[in-house]
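Take a look at the structure below.
The values are calculated or read from the model by the stated rules, or taken from the named source; none is laboratory data. Please read these numbers as outputs of a predicted model, since none were measured by experiment. Using ideal geometry, Cβ is built from the backbone for each residue, glycine included, and neighbour counts are taken over all protein chains shown.
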Amino acid sequence: MIEPNLILLLVLLPFAGSLVAATLPSGARTGTAWLSGLVLSAGLLILAALHRPVADGQVLRAKLSWVPSLGLDLDFRLDGFAWLFVTLVLGIGVLVVLYARYYLAKSDPAPRFHACILAFTGAMVGMLTSGNVLMLVVFWELTSLVSFLLIGYWHQSPAARDGARMALVITAAGGLCLLAAMLLLGRIAGSYDLDVILASGAAIRTHPLYGATLALFLIGAFTKSAQVPFHFWLPNAMAAPTPVSAFLHSATMVKAGVFLLVRFSPALGGTEAWFFAVTGIGMASLTFGAMVALFRHDLKGLLAYSTISNLGLITALAGIGSRAAILAGIFHIVNHAVFKASLFMAAGIIDHESGTRDMRRLSGLIRLMPVTGTLAIVAAASMAGVPLLNGFLSKEMFFAEAVDWHNGTWLDDALPYIATFASVFTVAYSLRFIATVFFGPPPVDLPQTPHEPVRWLRWPVELLVMACLVVGVVPGLTLGPTLNMAARSVLGADLPYYSVAVWHGLNTPLVMSFVALVLGAALYLGFADRIAQGPEGPPLIHRLQAQRLYERFMLAATWTGPRRLLRVVAPDRLQPQLRLIVLLAIAGTAYMTWGRVGIEPRLGPTAPNAGFLLMWVVGGACAVGAAWQAKYHRFAALVLLGVAGLVTCLTFAWFSAPDLAVTQLLVEVVTTVLLLLGLRWMPRRREEISGDRLLAARGRRGRDLVIAVAFGTAMSLLAFTVMTRPQLSTVGDWFLRHAYSEGGGTNVVNVILVDFRAFDTFGEITVLVIVALTVFALLRRFRPADESAGRPEQQATPTARALRDYMLVPSVIMQWMFPVLIVLSAYLFLRGHDLPGGGFSAGVTLAIAFLLQYLAAHVRWVESRLTVLPAFWMGFGLLVAGGTGLGSWVFGYPFLTAHAQYVDLPLIGEVPAATAMIFDLGVFGVVVGATVLMLIAIAHQSLRSARARAEEAERQHEEAA
């Protein structure tokens, strides 16, 4: 039982640390670094505790029920491959945190950096350990969202904002494709469980949907791993701080795509389509990235295209798909993470100490920074594939797989030549990095004199470079067992043990390595001057920029296209928008019900009640009068509209729906008063029109009347048909039968909202919070200053006195109603699970109590004596509602599962109690906070409008005097 708990802790710990880091003060640089380091180190200790069972071939699991009916469970699994990858993420994460502590400036907000780093780590760990493919996509998209924050950390820089936006658009769009692919895989395999899908490879490859599934899956993987043609976001992401680049582009974000390719290769691989798509794109990225990297003048730009190239190498190995290729791919994932993280950190040190990353200005740094230079040279040599370094070993294995025969296609035959050609450029750009930066004449005209950094800034680089050396010299003793453990978890337990050795004899891969080293050195030495003076890309290739297509697409998708669409579907006036919505609703309803729902009721008509008919005649007359008066007198239209709403409320009560009647009445009160406040600052109506404009206006009103009658008639017929066919089994019948037995309440409507459909309600109250915050944000700019603040009452200005007189209504009665409404709110809340009421009704009632106080006195007077804190109410409500759902996990039940029983209270007896009431408390808090927040925004706007009128009256009075 301890192992599942450790896995859950492994996933949740980074998120918890992120929340804590976000609350720390901005100056807590050392404290946040210690927090991040301890959290990541704790994750490494958990992995160490889980190593033995994973090494024995076990797949450790931890599962939390979420929405089991939809196949959505928080299912985490840890096997050898996931263990290795998570260790890589956490290990490099610890070094990045230490590096960032001394790299970031004192003015940089350290808590925000570490909060994002920990959140990103949690997203990566969740993705790597997800046992449910839908939850895998959730964590996958979460990495895109958090990387947006990390890349745009220096948000004051336009380059950082553009790079973050580009990365988010490309990777999130790929994530949507990946979601579609996972849905198709779940449909084919009959389950969203990862193990089931991986075991269904034969069924998947022979299914008619295999082609579509493969295409969507590869788009998701290629966008995240920056493969051609989706590569261009990665170089633009170099605007991020170097610690972010070292973390995201060595061990985490860009590696997620190749992780997915390796993980799903047993299920999706083994076909010609997989080989040509994955290996072809991989080899193209390998070659393209290496060629462009040679011509980049920015250190991080060179490393970015180098990353694209190395990811292409791993992608090509995943496309080959043989056992040795998968093992080589896993090996190069580790090697690339180690030497690329050290190179990014070395580039950051050079930038930090010299003030520039432009290689055309750098030279001879080995004299001024001998230790850093030596470390960077070793790491670059590993990237080039120099013997006795870790990069050489995995590249040798790649050459061996390129030479080996697989399927005899033209691409298979061309693999050795493409691999050697690309490796020539890899050696060339690695040599350029070494020769240009560290050798040559001493640097001149630099922003600052280079020198060795502080000890702790260089220490992570030293550890990583030491790993390059140790693994390169004794790979079998250091990384060999872990590699085999990871490969067995992907390919099966029957995989023979592969001995990772330095020397495999004089063979073709060794000759390819020698040729690449010699030709790469000759290429750079022969064209060094032209490369340094030329554009940032080889001839022809640097002009083929997919980024241009992206920019054109974004311009059309975010500017020109939406503007044209808005002119059609969302003009400035409200009436055309409403008209379009109503017409679409009518068309959609007609399409869905045409020929399927008859209007012949099985129940015979009953004699109408005279009182009911009279009530509806009054309601209909008020509705028509409201539409007519809206042209002349808005206040009269609002009053008539309120009467029509009251008739609707009485109709609910007439047909034995008291819960709906109570809710309708309360909402009617709130909306009427809020609309009344809003009327105070609406623009004046235009003067009367005549002639052609009058005819056009009458035509529009007649058209709106026809649409309204058609919509009302259709809805009436639909409702009449449904309500008069009792033999039609509906979902409502099921709720009526099971509300008390399974929800513990006799108020079926409330049981549906807080128990059966609680997840929907949770989403709705979240939307309500967002709407309230949006309304407040739109109107808060108009909040005026209090003119009478700090003045005695008798010294208030005439404007303030006029405003006070305007706001005062029979206030004594309204203030007396305040405690009464509080008691009524509590009454409605406590009875809501069994009788009409509930959290929503109680929340609206309490909001009305606050509303009356705003109407009874000066707005500032109320706020100086009554502290409401609507944001606190909304936050409290969301936390309580979400905490209720999480609490069910403690007892092993799905999210938001409710429990009901009777509780024996002293002197009272047995009373019904359900955990759904706690969730209802959250609904209550959100409704109160959102309603009062919108009230405050509109009340202040009305205050401003009243003040303007009072000032205008005062000015006219002074002019007359």
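Filtering Leu45, Leu90 for residues that are farther than 18 Å from Phe247 by Cα and in a helix (DSSP H, G or I) leaves a single hit, Leu45.
Only one of Ala637, Ala714 is within 24 Å of Ile581 (Cβ to Cβ), at pLDDT below 80 and aliphatic (A, V, I, L, M); which? Walk me through it before giving the result.
Numbers: Ala637 fails: at pLDDT below 80.
None of the others qualify; the one that does is Ala714.
Residues that are among the β-branched types (Val, Ile, Thr) and either in contact with a helix residue (DSSP H, G or I) (Cβ under 8 Å, 6 or more places away or on another chain) or closer than 19 Å to Ser430 by Cα (or both) within the range 502-524 comprise Val502, Thr508, Val515, Val518, listed in sequence order.
Return a yes/no flag: does the range 361-375 have any residue that is of a type outside the set (A, V, I, L, M, F, W, C), within 30 Å of Ser265 (Cβ to Cβ) and assigned to a helix (DSSP H, G or I).
No: the range 361-375 contains no residue that is of a type outside the set (A, V, I, L, M, F, W, C), within 30 Å of Ser265 (Cβ to Cβ) and assigned to a helix (DSSP H, G or I).
The set of residues from the range 321-355 being in contact with a Ser or Thr (Cβ under 6 Å, 6 or more places away or on another chain) and β-branched (Val, Ile, Thr) comprises just one member, Ile349.
Looking at the range 673-690, can you tell me whether even one residue there is modelled with pLDDT of 85 or more and either touching a Ser or Thr at 6+ places or on another chain (Cβ under 7 Å) or exposed (fewer than 15 other Cβ atoms within 10 Å of the Cβ) (or both)? No: the range 673-690 contains no residue that is modelled with pLDDT of 85 or more and either touching a Ser or Thr at 6+ places or on another chain (Cβ under 7 Å) or exposed (fewer than 15 other Cβ atoms within 10 Å of the Cβ) (or both). Out of everything in the range 184-197 that is within 18 Å of Leu78 (Cβ to Cβ) and surrounded by 18 or more Cβ atoms within 10 Å (Cβ to Cβ), what residue ends up being modelled with the lowest pLDDT? Selected residue: Asp193. When you scan the range 403-415, do you find a residue that is part of a helix (DSSP H, G or I), within 23 Å of Gly301 (Cα to Cα) and either at pLDDT 95 or above or assigned by TED's automatic domain parsing to the domain that holds Ile320 (or both), even just one? No.
For Pro453, the conditions (1) surrounded by fewer than 16 Cβ atoms within 10 Å (Cβ to Cβ); (2) part of a loop (DSSP other than H, G, I, E, B) all hold with the exception of (1). Here the condition is being under 23 Å from Thr663 (Cα atoms) and either without any contact (Cβ under 8 Å) to a residue 40 or more places away in the chain or surrounded by fewer than 17 Cβ atoms within 10 Å (Cβ to Cβ) (or both); of Ile908, Ile918, it holds for Ile918 alone. Listed by first and then second residue, the pairs linking a residue in the range 32-54 that is touching a residue at least 12 places away in the same chain (Cβ under 8 Å) and at positive phi to a residue that is assigned to a helix (DSSP H, G or I) and crowded, with 18+ Cβ neighbours inside 10 Å, with Cβ atoms under 7 Å apart and 6 or more places separating them unless they lie on different chains, form an empty list.
Out of curiosity, is Leu149 out of contact with any strand residue (DSSP E or B) (no Cβ under 8 Å at 6 or more places or on another chain) and assigned to a helix (DSSP H, G or I)? In short, yes.
The set of residues in the range 223-243 being under 18 Å from Ala290 (Cα atoms), part of a helix (DSSP H, G or I) and over 22 Å from the mean Cα position of the chain (by Cα) consists of Pro235 alone. Confirm whether Val338 is under 30 Å from the mean Cα position of the chain (by Cα), surrounded by fewer than 24 Cβ atoms within 10 Å (Cβ to Cβ), assigned to a helix (DSSP H, G or I) and of a type in the set (A, V, I, L, M, F, W, C). Against the criterion (under 30 Å from the mean Cα position of the chain (by Cα), surrounded by fewer than 24 Cβ atoms within 10 Å (Cβ to Cβ), assigned to a helix (DSSP H, G or I) and of a type in the set (A, V, I, L, M, F, W, C)), Val338 does not qualify. For the range 528-549, filtered to residues that are at pLDDT 70 or above and surrounded by 14 or more Cβ atoms within 10 Å (Cβ to Cβ), the residue that is farthest from Ala428 (Cα to Cα) is Gly534.
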